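**Student:** Please find one structure pasted underneath; my questions will follow.
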Amino acid sequence: MVILLNVTARTPLYQKIQQYIRELIESEGLKSGDRIPTEKELMDRFDVSKITVVKALTGLANENVISRVPGKGSFVSEPAAAEEAEVPRPVFGRAPEEAKQKTGLIGLVMPSIYDYFAVRLIDGVRRGLSSKGYRTMILLSEGDLEHEKEAIKTLKQIGAEGILVFPVDEEHYNDEILNLKFSGFPFVLIDRFLPGVETNYIAADGRLGTRLAVEHLWELGHREIAICSDSPLQTVTVQERIEGYMDALKDKGALINPAHIITGFRIHASDEPEKHPLYRYIRSGLATAYITLNGKLGVQIQQMAKRNGLSIPGDLSIVSFDDPTSVVEELSVFTHIKQFEYEMGLRAAETLVDIIGEGTDRSGGYTKTLLVPELVVGQTTGPVKPR
(Lines give C-alpha, C1' and ligand atoms only; values in the text may rest on other atoms or scores of the structure.)
Protein backbone atom coordinates (compact mmCIF):
# COMPACT_ATOMS: atom_id res chain seq x y z
CA MET A 1 0.00 0.00 0.00
CA VAL A 2 1.28 3.46 -0.91
CA ILE A 3 0.30 6.34 1.32
CA LEU A 4 0.66 9.80 -0.18
CA LEU A 5 1.29 12.62 2.24
CA ASN A 6 0.27 16.15 1.43
CA VAL A 7 3.51 18.04 1.91
CA THR A 8 1.67 21.34 1.56
CA ALA A 9 -0.63 20.62 4.51
CA ARG A 10 -0.93 23.64 6.75
CA THR A 11 0.69 23.70 10.14
CA PRO A 12 -1.95 23.91 12.89
CA LEU A 13 -2.33 27.44 14.23
CA TYR A 14 -1.45 26.49 17.79
CA GLN A 15 1.87 25.03 16.55
CA LYS A 16 2.59 28.26 14.66
CA ILE A 17 2.12 30.16 17.90
CA GLN A 18 4.44 27.77 19.72
CA GLN A 19 7.10 28.13 17.03
CA TYR A 20 6.78 31.91 17.16
CA ILE A 21 7.33 31.93 20.93
CA ARG A 22 10.35 29.60 20.68
CA GLU A 23 11.91 31.80 18.00
CA LEU A 24 11.07 34.93 20.02
CA ILE A 25 12.87 33.53 23.08
CA GLU A 26 15.93 32.69 21.00
CA SER A 27 16.07 35.81 18.80
CA GLU A 28 15.36 38.25 21.63
CA GLY A 29 17.65 36.47 24.06
CA LEU A 30 14.86 36.20 26.62
CA LYS A 31 15.96 34.83 29.97
CA SER A 32 14.23 32.96 32.76
CA GLY A 33 11.46 35.10 34.22
CA ASP A 34 11.07 37.32 31.16
CA ARG A 35 7.49 37.83 30.12
CA ILE A 36 6.26 36.56 26.75
CA PRO A 37 3.36 38.17 24.81
CA THR A 38 -0.03 38.05 26.52
CA GLU A 39 -2.92 35.88 25.38
CA LYS A 40 -4.66 38.97 23.95
CA GLU A 41 -1.55 39.99 22.00
CA LEU A 42 -1.20 36.49 20.55
CA MET A 43 -4.90 36.37 19.67
CA ASP A 44 -4.57 39.66 17.78
CA ARG A 45 -1.29 38.76 16.11
CA PHE A 46 -2.48 35.40 14.74
CA ASP A 47 -6.18 36.28 14.49
CA VAL A 48 -7.21 33.20 16.47
CA SER A 49 -9.52 32.40 19.36
CA LYS A 50 -8.48 32.26 23.00
CA ILE A 51 -8.92 28.49 22.90
CA THR A 52 -6.16 28.16 20.28
CA VAL A 53 -3.80 30.41 22.25
CA VAL A 54 -4.45 28.53 25.50
CA LYS A 55 -3.77 25.23 23.73
CA ALA A 56 -0.45 26.56 22.44
CA LEU A 57 0.62 27.95 25.81
CA THR A 58 -0.47 24.82 27.66
CA GLY A 59 1.70 22.72 25.36
CA LEU A 60 4.73 24.95 25.97
CA ALA A 61 4.06 24.88 29.71
CA ASN A 62 3.92 21.07 29.66
CA GLU A 63 7.34 21.10 27.96
CA ASN A 64 8.57 23.59 30.60
CA VAL A 65 9.49 26.11 27.92
CA ILE A 66 7.33 28.65 29.71
CA SER A 67 5.63 28.98 33.11
CA ARG A 68 2.08 30.29 33.42
CA VAL A 69 1.15 32.38 36.45
CA PRO A 70 -2.62 32.90 36.90
CA GLY A 71 -3.54 36.57 36.76
CA LYS A 72 -0.01 37.66 35.79
CA GLY A 73 0.86 36.06 32.46
CA SER A 74 3.39 33.62 31.00
CA PHE A 75 7.15 33.72 31.52
CA VAL A 76 10.24 31.95 30.22
CA SER A 77 11.05 28.92 32.38
CA GLU A 78 14.29 28.06 34.14
CA PRO A 79 16.84 26.42 31.77
CA ALA A 80 17.11 23.39 34.05
CA ALA A 81 13.38 22.86 33.86
CA ALA A 82 13.47 23.02 30.07
CA GLU A 83 16.18 20.33 29.97
CA GLU A 84 14.02 18.03 32.07
CA ALA A 85 11.33 18.41 29.42
CA GLU A 86 13.37 16.16 27.10
CA VAL A 87 11.78 13.21 28.94
CA PRO A 88 8.93 12.12 26.62
CA ARG A 89 5.46 13.06 27.80
CA PRO A 90 2.11 12.19 26.24
CA VAL A 91 0.58 15.18 24.48
CA PHE A 92 -3.01 14.60 25.58
CA GLY A 93 -2.48 12.61 28.75
CA ARG A 94 -0.87 12.81 32.13
CA ALA A 95 2.76 11.90 32.59
CA PRO A 96 3.32 8.18 33.30
CA GLU A 97 4.32 8.80 36.92
CA GLU A 98 1.15 10.84 37.45
CA ALA A 99 -1.06 8.27 35.78
CA LYS A 100 0.13 5.59 38.24
CA GLN A 101 -1.07 7.50 41.27
CA LYS A 102 -4.26 6.07 42.72
CA THR A 103 -5.65 8.28 45.45
CA GLY A 104 -9.26 7.17 45.15
CA LEU A 105 -10.25 10.85 45.33
CA ILE A 106 -12.61 12.67 42.96
CA GLY A 107 -13.19 16.42 43.16
CA LEU A 108 -16.54 18.16 42.69
CA VAL A 109 -16.61 21.92 42.11
CA MET A 110 -20.03 23.52 42.70
CA PRO A 111 -21.16 27.18 42.79
CA SER A 112 -23.16 26.52 45.99
CA ILE A 113 -25.22 23.97 47.88
CA TYR A 114 -28.02 26.29 48.94
CA ASP A 115 -30.90 24.60 47.12
CA TYR A 116 -32.42 21.17 46.72
CA PHE A 117 -31.19 20.92 43.12
CA ALA A 118 -27.59 20.99 44.37
CA VAL A 119 -28.31 18.63 47.29
CA ARG A 120 -29.91 16.02 45.07
CA LEU A 121 -27.19 16.36 42.42
CA ILE A 122 -24.46 15.89 45.02
CA ASP A 123 -26.28 12.85 46.38
CA GLY A 124 -26.21 11.31 42.90
CA VAL A 125 -22.50 12.07 42.50
CA ARG A 126 -21.68 10.61 45.91
CA ARG A 127 -23.67 7.45 45.23
CA GLY A 128 -22.07 6.96 41.81
CA LEU A 129 -18.53 7.42 43.12
CA SER A 130 -18.85 5.45 46.36
CA SER A 131 -20.21 2.44 44.46
CA LYS A 132 -16.93 2.43 42.51
CA GLY A 133 -14.75 2.83 45.60
CA TYR A 134 -14.03 6.56 45.23
CA ARG A 135 -14.20 9.34 47.81
CA THR A 136 -15.67 12.76 47.03
CA MET A 137 -14.20 16.16 47.93
CA ILE A 138 -16.53 19.11 47.33
CA LEU A 139 -15.19 22.64 46.88
CA LEU A 140 -17.51 25.64 46.44
CA SER A 141 -16.75 28.41 43.95
CA GLU A 142 -19.49 30.72 45.32
CA GLY A 143 -20.25 31.62 41.71
CA ASP A 144 -16.86 33.33 41.31
CA LEU A 145 -14.62 32.47 38.35
CA GLU A 146 -11.35 32.98 40.26
CA HIS A 147 -12.58 30.77 43.11
CA GLU A 148 -13.48 28.12 40.56
CA LYS A 149 -9.96 28.26 39.10
CA GLU A 150 -8.40 27.93 42.53
CA ALA A 151 -10.67 25.01 43.38
CA ILE A 152 -9.59 23.10 40.26
CA LYS A 153 -5.91 23.77 40.92
CA THR A 154 -6.27 22.72 44.56
CA LEU A 155 -7.92 19.44 43.62
CA LYS A 156 -5.16 18.65 41.14
CA GLN A 157 -2.47 19.49 43.70
CA ILE A 158 -3.90 17.17 46.34
CA GLY A 159 -4.03 14.29 43.88
CA ALA A 160 -7.62 14.08 42.65
CA GLU A 161 -7.83 11.45 39.92
CA GLY A 162 -10.63 13.33 38.16
CA ILE A 163 -12.84 16.39 38.58
CA LEU A 164 -16.54 17.09 38.12
CA VAL A 165 -17.25 20.78 37.46
CA PHE A 166 -20.55 22.68 37.63
CA PRO A 167 -19.24 25.85 35.90
CA VAL A 168 -20.14 29.33 37.10
CA ASP A 169 -22.05 31.80 34.93
CA GLU A 170 -19.31 33.84 33.30
CA GLU A 171 -18.72 35.58 29.99
CA HIS A 172 -15.23 34.11 29.58
CA TYR A 173 -14.01 30.54 29.64
CA ASN A 174 -12.21 29.29 32.71
CA ASP A 175 -8.57 28.78 31.67
CA GLU A 176 -8.22 25.97 34.18
CA ILE A 177 -11.02 24.00 32.49
CA LEU A 178 -9.30 24.48 29.15
CA ASN A 179 -6.03 23.33 30.71
CA LEU A 180 -7.77 20.18 31.94
CA LYS A 181 -8.90 19.49 28.38
CA PHE A 182 -5.58 20.10 26.67
CA SER A 183 -3.56 18.20 29.28
CA GLY A 184 -5.85 15.19 29.07
CA PHE A 185 -6.90 15.36 32.74
CA PRO A 186 -10.17 13.44 33.32
CA PHE A 187 -13.12 15.76 33.93
CA VAL A 188 -16.83 16.09 33.21
CA LEU A 189 -18.89 19.29 33.08
CA ILE A 190 -22.33 19.29 34.70
CA ASP A 191 -25.42 21.30 33.65
CA ARG A 192 -23.62 23.34 30.99
CA PHE A 193 -20.87 23.20 28.42
CA LEU A 194 -18.38 25.56 26.77
CA PRO A 195 -19.52 26.63 23.27
CA GLY A 196 -17.07 25.55 20.61
CA VAL A 197 -15.04 23.40 23.02
CA GLU A 198 -15.43 19.62 22.86
CA THR A 199 -15.70 18.24 26.40
CA ASN A 200 -17.53 15.51 28.30
CA TYR A 201 -20.68 16.97 29.78
CA ILE A 202 -24.12 16.06 31.08
CA ALA A 203 -27.15 18.32 31.37
CA ALA A 204 -30.92 18.39 31.06
CA ASP A 205 -32.43 19.43 27.72
CA GLY A 206 -33.16 23.10 28.39
CA ARG A 207 -34.93 23.72 25.09
CA LEU A 208 -37.37 20.91 25.74
CA GLY A 209 -37.87 22.13 29.31
CA THR A 210 -39.15 25.57 28.33
CA ARG A 211 -41.20 24.05 25.52
CA LEU A 212 -43.00 21.87 28.09
CA ALA A 213 -43.63 24.94 30.26
CA VAL A 214 -45.04 27.01 27.37
CA GLU A 215 -47.30 24.19 26.17
CA HIS A 216 -48.71 23.68 29.68
CA LEU A 217 -49.44 27.39 30.16
CA TRP A 218 -50.89 27.67 26.65
CA GLU A 219 -53.34 24.86 27.38
CA LEU A 220 -54.46 26.81 30.45
CA GLY A 221 -55.30 29.76 28.21
CA HIS A 222 -52.26 31.95 28.87
CA ARG A 223 -51.05 33.99 25.91
CA GLU A 224 -48.95 36.63 27.68
CA ILE A 225 -46.17 34.39 28.98
CA ALA A 226 -42.95 35.92 30.32
CA ILE A 227 -39.63 34.12 30.79
CA CYS A 228 -37.23 35.33 33.50
CA SER A 229 -33.56 34.77 34.27
CA ASP A 230 -31.63 36.47 37.04
CA SER A 231 -28.29 35.58 35.47
CA PRO A 232 -26.49 38.83 34.49
CA LEU A 233 -24.99 37.01 31.50
CA GLN A 234 -26.51 35.21 28.52
CA THR A 235 -24.93 31.88 29.31
CA VAL A 236 -25.39 28.79 27.15
CA THR A 237 -27.98 27.43 29.58
CA VAL A 238 -30.00 30.67 29.51
CA GLN A 239 -29.78 30.97 25.72
CA GLU A 240 -30.96 27.42 25.11
CA ARG A 241 -33.96 27.79 27.40
CA ILE A 242 -34.97 31.10 25.82
CA GLU A 243 -34.63 29.53 22.38
CA GLY A 244 -36.94 26.70 23.47
CA TYR A 245 -39.43 29.29 24.75
CA MET A 246 -39.42 31.21 21.46
CA ASP A 247 -39.67 28.05 19.33
CA ALA A 248 -42.67 26.87 21.33
CA LEU A 249 -44.47 30.21 20.88
CA LYS A 250 -43.69 30.26 17.15
CA ASP A 251 -45.19 26.78 16.83
CA LYS A 252 -48.37 28.20 18.37
CA GLY A 253 -48.39 30.98 15.77
CA ALA A 254 -47.75 33.59 18.47
CA LEU A 255 -45.61 36.67 18.06
CA ILE A 256 -42.54 37.01 20.27
CA ASN A 257 -42.90 39.97 22.63
CA PRO A 258 -39.37 41.15 23.58
CA ALA A 259 -40.81 42.76 26.72
CA HIS A 260 -41.65 39.27 28.00
CA ILE A 261 -38.01 38.13 27.90
CA ILE A 262 -36.72 39.47 31.21
CA THR A 263 -33.01 38.89 31.84
CA GLY A 264 -29.84 40.55 33.09
CA PHE A 265 -30.96 41.48 36.60
CA ARG A 266 -30.18 40.42 40.15
CA ILE A 267 -32.34 40.33 43.27
CA HIS A 268 -30.36 40.87 46.46
CA ALA A 269 -31.61 40.25 49.97
CA SER A 270 -31.00 43.91 50.82
CA ASP A 271 -33.10 45.20 47.89
CA GLU A 272 -36.40 46.90 48.58
CA PRO A 273 -38.83 44.74 46.57
CA GLU A 274 -41.13 47.64 45.64
CA LYS A 275 -38.25 49.44 43.93
CA HIS A 276 -37.10 46.48 41.85
CA PRO A 277 -37.90 46.64 38.09
CA LEU A 278 -39.32 43.10 38.20
CA TYR A 279 -41.77 44.16 40.95
CA ARG A 280 -43.03 47.00 38.77
CA TYR A 281 -43.30 44.66 35.78
CA ILE A 282 -45.45 42.22 37.74
CA ARG A 283 -47.65 45.07 38.93
CA SER A 284 -48.15 46.26 35.35
CA GLY A 285 -50.08 43.07 34.53
CA LEU A 286 -48.37 42.72 31.15
CA ALA A 287 -47.93 38.98 31.70
CA THR A 288 -50.35 36.45 33.15
CA ALA A 289 -47.74 33.70 33.57
CA TYR A 290 -44.02 33.48 34.29
CA ILE A 291 -41.43 30.84 33.50
CA THR A 292 -38.40 31.19 35.78
CA LEU A 293 -35.07 29.59 34.93
CA ASN A 294 -34.38 28.56 38.52
CA GLY A 295 -36.43 27.70 41.57
CA LYS A 296 -35.25 30.56 43.78
CA LEU A 297 -36.45 33.12 41.24
CA GLY A 298 -39.82 31.39 41.16
CA VAL A 299 -40.20 31.96 44.90
CA GLN A 300 -39.12 35.61 44.55
CA ILE A 301 -41.73 36.26 41.86
CA GLN A 302 -44.36 34.56 44.01
CA GLN A 303 -43.47 36.87 46.91
CA MET A 304 -43.52 39.98 44.70
CA ALA A 305 -46.90 38.98 43.31
CA LYS A 306 -48.34 38.66 46.83
CA ARG A 307 -46.95 42.11 47.72
CA ASN A 308 -48.85 43.39 44.67
CA GLY A 309 -52.04 41.82 46.01
CA LEU A 310 -52.04 39.06 43.39
CA SER A 311 -52.93 35.45 44.16
CA ILE A 312 -51.10 32.38 42.83
CA PRO A 313 -52.43 30.81 40.64
CA GLY A 314 -55.67 32.83 40.56
CA ASP A 315 -54.13 36.00 39.15
CA LEU A 316 -50.73 34.76 38.09
CA SER A 317 -49.23 31.39 37.16
CA ILE A 318 -45.59 30.39 37.71
CA VAL A 319 -43.56 27.53 36.27
CA SER A 320 -40.01 27.20 37.59
CA PHE A 321 -37.06 25.09 36.61
CA ASP A 322 -36.73 22.76 39.63
CA ASP A 323 -38.99 22.84 42.67
CA PRO A 324 -37.54 25.19 45.30
CA THR A 325 -39.95 24.21 48.08
CA SER A 326 -39.88 20.44 48.44
CA VAL A 327 -37.40 17.92 49.78
CA VAL A 328 -39.87 15.11 49.12
CA GLU A 329 -41.14 15.10 45.52
CA GLU A 330 -44.63 14.03 46.55
CA LEU A 331 -44.99 17.29 48.49
CA SER A 332 -44.14 19.57 45.57
CA VAL A 333 -45.87 22.94 45.60
CA PHE A 334 -44.49 24.60 42.48
CA THR A 335 -45.35 23.56 38.97
CA HIS A 336 -41.84 22.93 37.73
CA ILE A 337 -39.55 21.41 35.16
CA LYS A 338 -37.95 18.39 36.76
CA GLN A 339 -34.36 17.95 35.54
CA PHE A 340 -33.60 14.68 37.34
CA GLU A 341 -30.62 16.15 39.15
CA TYR A 342 -29.93 12.96 41.12
CA GLU A 343 -29.67 11.03 37.84
CA MET A 344 -27.53 13.85 36.43
CA GLY A 345 -25.04 13.56 39.28
CA LEU A 346 -25.03 9.76 39.17
CA ARG A 347 -24.36 9.59 35.44
CA ALA A 348 -21.73 12.33 35.59
CA ALA A 349 -19.88 10.30 38.23
CA GLU A 350 -20.17 7.08 36.23
CA THR A 351 -18.92 8.81 33.09
CA LEU A 352 -15.89 10.21 34.91
CA VAL A 353 -15.02 6.82 36.39
CA ASP A 354 -15.19 5.29 32.91
CA ILE A 355 -12.86 7.99 31.56
CA ILE A 356 -10.37 7.37 34.36
CA GLY A 357 -10.52 3.64 33.69
CA GLU A 358 -9.71 4.15 30.01
CA GLY A 359 -6.62 6.19 30.92
CA THR A 360 -4.48 7.68 28.15
CA ASP A 361 -5.69 5.02 25.71
CA ARG A 362 -9.18 6.45 25.50
CA SER A 363 -10.25 7.12 21.93
CA GLY A 364 -14.01 6.97 22.12
CA GLY A 365 -14.49 10.71 21.73
CA TYR A 366 -16.45 12.90 24.10
CA THR A 367 -19.61 11.88 25.91
CA LYS A 368 -22.46 14.38 25.59
CA THR A 369 -25.55 13.42 27.57
CA LEU A 370 -28.86 15.32 27.57
CA LEU A 371 -31.45 14.11 30.06
CA VAL A 372 -35.12 14.44 29.09
CA PRO A 373 -36.87 16.82 31.54
CA GLU A 374 -40.43 16.35 32.79
CA LEU A 375 -43.21 18.79 33.64
CA VAL A 376 -44.56 18.30 37.17
CA VAL A 377 -47.87 20.11 37.71
CA GLY A 378 -48.19 21.65 41.17
CA GLN A 379 -50.18 24.42 42.82
CA THR A 380 -48.68 27.48 41.11
CA THR A 381 -50.41 27.22 37.72
CA GLY A 382 -54.06 27.53 36.78
CA PRO A 383 -56.40 28.80 34.05
CA VAL A 384 -55.88 32.35 32.89
CA LYS A 385 -58.12 34.84 34.70
CA PRO A 386 -60.62 36.56 32.36
CA ARG A 387 -59.88 40.24 31.89
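**Student:** Please grab the % of Cα pairs in the chain that end up more than 37 Å from each other.
**Tutor:** Numbers: 25395 of 74691 pairs.
That fraction is 34 percent.
**Student:** Within the accessible area of segment 150-221, what % is carbon and sulfur when the probe is 1.4 Å and the other protein chains stay in place? Write down the numbers at each step before the final one.
**Tutor:** On the way: 1060 of 2330 Å².
C and S atoms contribute 45 percent here.
**Student:** Let me ask something else about it. Using the alpha-carbon atoms, what tilt in degrees (0 to 90, nearest 10) does helix 50-62 show relative to the longest principal axis of the chain?
**Tutor:** 40 degrees
**Student:** Mind giving me the nanometre distance, one decimal, between the label points for residue 15 and residue 251, set 7 Å out from Cα along Cα→Cβ?
**Tutor:** If labels sit at residue 15 and residue 251, their model points lie 4.6 nm apart.
**Student:** For residue 45, what accessible surface area do you get with a 1.4 Å probe? Give it in Å², rounded to 10.
**Tutor:** Rounded to the nearest 10, the figure is 150 Å².
**Student:** Using the heavy atoms of the protein chains and a 1.4 angstrom probe, tell me the accessible area per residue for the chain in square angstrom.
**Tutor:** Details: 19880 Å² over 387 residues.
Accessible surface, normalised per residue, equals 51 Å².
**Student:** Would you calculate the volume per residue, in Å³, of the smallest convex hull containing every Cα atom of segment 191-313? Mind showing how you got there, number by number?
**Tutor:** Numbers: hull volume 14.4 nm³, N = 123.
Hull volume normalised by residue count: 117 Å³.
**Student:** How do 299, 188 rank by accessible surface area computed with a 1.4 Å probe, from largest to smallest? Walk me through the numbers on the way to the answer.
**Tutor:** Working: 299 35, 188 0 Å².
Output order, biggest surface exposure first: 299, 188.
**Student:** Roughly how many Å² of residue 75 are accessible to a 1.4 Å probe, to the nearest 10?
**Tutor:** Around 40 Å² of this residue is reachable by solvent.
**Student:** Starting from the Cα-Cα distance between residue 132 and residue 286, subtract it from 0.36 nm times their residue separation and give me the gain in nm to one decimal.
**Tutor:** Values: separation 154, 0.36 × 154 = 55.44 nm, distance 5.24 nm.
Result: 50.2 nm gained on full extension.
**Student:** In straight Cα distance, which aspartates and glutamates are under 16 Å from residue 102, not counting same-chain residues fewer than 8 positions off?
**Tutor:** Straight-distance partners of residue 102: 161, 354, 358.
**Student:** If packing is taken as the average number of other Cβ atoms within 10 Å across a peptide's residues, how do 16-29, 235-248 rank, most packed first?
**Tutor:** In descending order of packing, they fall as 235-248, 16-29.
**Student:** When we measure straight from the Cα of residue 275, which lysines land under 22 angstrom away, once same-chain ones fewer than 8 places off are left out?
**Tutor:** Residue 275 reaches 296, 306.
**Student:** Roughly what % of DSSP beta bridges within the chain run antiparallel, to the nearest 5? If you can, show how the numbers build up before the last one.
**Tutor:** Details: 8 of 40 bridges.
Expressed as a percentage, antiparallel bridges in the chain total about 20.
**Student:** Another question, if that's okay. Going from most exposed to least, what order do 120, 207 have by accessible area with a 1.4 Å probe? Mind dumping the intermediate values first?
**Tutor:** Numbers: 120 50, 207 100 Å².
Of 120, 207, the descending order of accessible area is 207, 120.
**Student:** Additional query: So how do 61-67, 290-296, 341-347, 36-42 stack up, highest first, on mean other-Cβ count within 10 Å? Working shown, then result.
**Tutor:** On the way: 61-67: 19.4, 290-296: 24.1, 341-347: 21.4, 36-42: 15.6.
Ranked from most to least packed, the peptides come out as 290-296, 341-347, 61-67, 36-42.
**Student:** Return a whole-number percent for the relative contact order of segment 176-319, with Cα pairs under 8 Å and 6 or more residues apart as the contact set. Write out the running numbers ahead of the final one.
**Tutor:** Values: 176 pairs, mean separation 33.2, N = 144.
Relative CO of segment 176-319 lands at 23 percent.
**Student:** Right, here's the next one. To the nearest 10 Å², what's residue 311's accessible area with a 1.4 Å probe?
**Tutor:** Solvent-accessible area, nearest 10 Å²: 50 Å².
**Student:** What lysines does residue 252 reach when the alpha-carbon gap must be under 22 Å and sequence neighbours fewer than 8 apart in one chain are set aside?
**Tutor:** Those lysines meeting the cut-off are 385.
**Student:** Quick one: angle between helix 145-157 and the longest Cα principal axis of the chain, in degrees between 0 and 90, rounded to 10, please.
**Tutor:** Roughly 50 degrees between the two axes.
**Student:** Between residue 243 and residue 34, what is 0.36 nm times their sequence separation minus the Cα-Cα distance? Round to one decimal in nm. Walk me through the intermediate numbers first.
**Tutor:** Details: separation 209, 0.36 × 209 = 75.24 nm, distance 4.72 nm.
The span from residue 243 to residue 34 would gain 70.5 nm if fully extended.
The values are calculated or read from the model by the stated rules, or taken from the named source; none is laboratory data. Predicted model only: the values in this text are computed from it and were never measured. With ideal geometry, Cβ positions are generated from the backbone for all residues, glycine too; neighbour counts draw on all protein chains shown. Side chains are part of the model used for accessible areas, which takes the heavy atoms of the whole protein and leaves out ligands, DNA and RNA. Shrake-Rupley method; radii C 1.70, N 1.55, O 1.52, S 1.80 Å.
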